[in-house]
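The values are calculated or read from the model by the stated rules, or taken from the named source; none is laboratory data. As the structure is a computational prediction, the values presented were derived from the model and not from experiment. In this analysis, Cβ positions are derived from the backbone assuming ideal geometry, glycine residues included, and neighbour counts consider all displayed protein chains. Quick note on the areas: whole protein, heavy atoms, side chains included, nothing else; ligands and nucleic acids left out. Shrake-Rupley method; radii C 1.70, N 1.55, O 1.52, S 1.80 Å.
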Amino acid sequence: MRRGVLRAATKLIRGKKAVWVSSCRESSNAPLYTMALVSADSRIAELLTELHQLIKQTQEERSRSEHNLVNIQKTHERMQTENKISPYYRTKLRGLYTTAKADAEAECNILRKALDKIAEIKSLLEERRIAAKIAGLYNDSEPPRKTMRRGVLMTLLQQSAMTLPLWIGKPGDKPPPLCGAIPASGDYVAKPGDKVAARVKAVDGDEQWILAEVVSYSHATNKYEVDDIDEEGKERHTLSRRRIIPLPQWKANPETDPEALFQKEQLVLALYPQTTCFYRALIHTPPQRPQDDYSVLFEDTSYADGYSPPLNVAQRYVVACKEPKKK
């Protein structure tokens, strides 16, 4: 856990500082930017500084606890050499393990704070991207929609799946809504910029589920405005809530929260590889490790049994299917 957080945080600091500096330069030459954007830039800079300090604290905590871990190892070696467990060693080990437990909890708390900072930074960057999109402004790392190529879009979708945060709760915590297979609450409203599965009418009149980005939601009409994420589509749709399925916002950890994953032979909607459309599929194998994908069997009449060979789909792009299973 801690190595992954430190690696992600370091990468975020190096990469996002450059984006932030670039955005500040843009804002000075772009009158369409509001004070809210400037405030977001300032907050991102503060969070990056705080995140850097947390990384340093983690390293210091690790160095401080290392000495105690070495003592535990040496004590066990002495016990093996003497081939006995005396009351002295029992008392000593009890104290060493108590200290080690406290050190681990302290480091864990720092890492959780770091994860919170990373989540807040990502949220602010997404809000800033949406505001820039509305204002018609883009930085070099985010070209206008009309210039995005198909291969670039597929790469971005893959990166979005890989960087989806893993939900790490405290002992006794249950995974929240939109973690893995857990659906959104009944009153949940997706925010602008959120990715969703949207049921739309295709050119031929048939309905299909596409990957879309929320533009807005009207509480008066209870309808969403969403953009087709596919650059070739360039379409905006107005859809009711029942035609929208929010995508997961956290990956579920199979090792600690297997109940938050779809199970074998469960019917789902999954994003077909190298496309932006969701199709009905059966879960073939759930993820076994946090970094694993689902293995799914897409419904396909071209195969004798009606299903494709197993294909991998990330947790990010697998949602519940409310339609009945075909017989």
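A compact table of results
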| read-out | value |
| --- | --- |
| Where a residue in the stretch 43-56 is in contact (Cβ under 8 Å) with a residue 40 or more places away in the chain and within 11 Å of L111 (Cα to Cα) and its partner, wherever it lies, is basic (K, R) and open to solvent by less than 60 Å² (accessible area, probe 1.4 Å), with Cβ under 8 Å and at least six apart | L51/K117; L54/K117 |
| Hits in the stretch 173-200 - residues which are assigned to a strand (DSSP E or B) and either more than 21 Å from the chain's Cα centre (by Cα) or free of Cβ contacts under 8 Å to residues at least 24 places away in the same chain (or both) | R199, V200 |
| Some residue of the stretch 239-251 being buried (at least 20 other Cβ atoms within 10 Å of the Cβ), at pLDDT 90 or above and among the charged types (D, E, K, R) | yes |
| Matching option when the condition is free of Cβ contacts under 8 Å to residues at least 40 places away in the same chain, of a type outside the set (G, A, S) and either in a strand (DSSP E or B) or not assigned by the TED database to the domain that holds L115 (or both), among L164, L156, L211 | L156 |
| Search result, residues across the stretch 76-107 that are free of Cβ contacts under 8 Å to residues at least 24 places away in the same chain and open to solvent by less than 40 Å² (accessible area, probe 1.4 Å) | M79, S86, Y89, L93, G95 |
| Conditions (1) open to solvent by 30 Å² or more (accessible area, probe 1.4 Å); (2) within 24 Å of V268 (Cβ to Cβ); (3) not in a strand (DSSP E or B): number failed by V203 | (2) |
| All positions within the stretch 78-100 that are over 22 Å from S63 (Cβ atoms) and out of contact with any helix residue (DSSP H, G or I) (no Cβ under 7 Å at 6 or more places or on another chain) | R78, Q80, T81, E82, N83, K84, S86, P87, Y88, R90, T91, R94 |
| Tally of residues being of a type outside the set (V, I, T) and part of a loop (DSSP other than H, G, I, E, B) across the stretch 261-300 | 18 |
| Filtered residues of the stretch 255-276 (kept if within 25 Å of I168 (Cα to Cα), surrounded by fewer than 19 Cβ atoms within 10 Å (Cβ to Cβ) and not hydroxyl-bearing (S, T, Y)) | E255, P258, E259, Q263, K264, Q266 |
| So S42, is it farther than 30 Å from L124 by Cβ, under 31 Å from the mean Cα position of the chain (by Cα) and assigned to a helix (DSSP H, G or I) | no |
